[in-house]
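Working notes, structure below.
Just so it is clear, none of the values below were taken in a lab; they were calculated from the coordinates. Only a predicted model underlies this, so the values are computations on that prediction, with no experimental measurement involved. Using ideal geometry, Cβ is built from the backbone for each residue, glycine included, and neighbour counts are taken over all protein chains shown.
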């Protein structure tokens, strides 16, 4: 996952508003008490050094109707690949798709709000459809634009 993630991370950083102190990460770690070489993925996004998205910590793995009946390790990896796929779908989508795309975790709202390709004219529209983290990013972008001469 690390090689593929680093390539995707570079693509994401190329489209992020350069006025933002914004970072996105995907790491693997081992949980205490689990035997073997089981590694669990973790996605997190920071804005100005503060974590505004943290999966799976803030978002339980859960069992939805479409969730396969897998053990914890496989469920975590399955969900992590879904998050990556959602980000890729956003990056590769046209403008219309980017404005309507949704995901269960809200990572698309966060990426969309930080996307420099989304101009000021659409900020109100993005603000209306975003989660709280996305709104926080847009407010930071507005403040950065107002402080520039």
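Some points to look at:
- Put simply, when 94-104, 19-29 are sorted by average Cβ atoms within 10 angstrom per residue, most first, you get 19-29, 94-104.
- Our estimate of slack between residue 94 and residue 120, defined as 0.36 nm per intervening residue step minus the Cα-Cα distance, is 7.6 nm.
- Counted residue by residue at 0.36 nm each, then reduced by the alpha carbon distance between them, the extension gain from residue 54 to residue 103 reaches 16.2 nm.
- If the chain linking residue 82 and residue 29 were pulled fully straight, counting 0.36 nm for each residue of separation and taking away their Cα-Cα distance, it would gain 17.3 nm.
- In terms of the mean number of neighbouring beta-carbon atoms within 10 Å, the peptides 111-119, 128-136 order highest first as 111-119, 128-136.
- Point-to-point label distance, residue 46-residue 146, nm (Cα→Cβ direction, 7 Å offset): 2.6 nm
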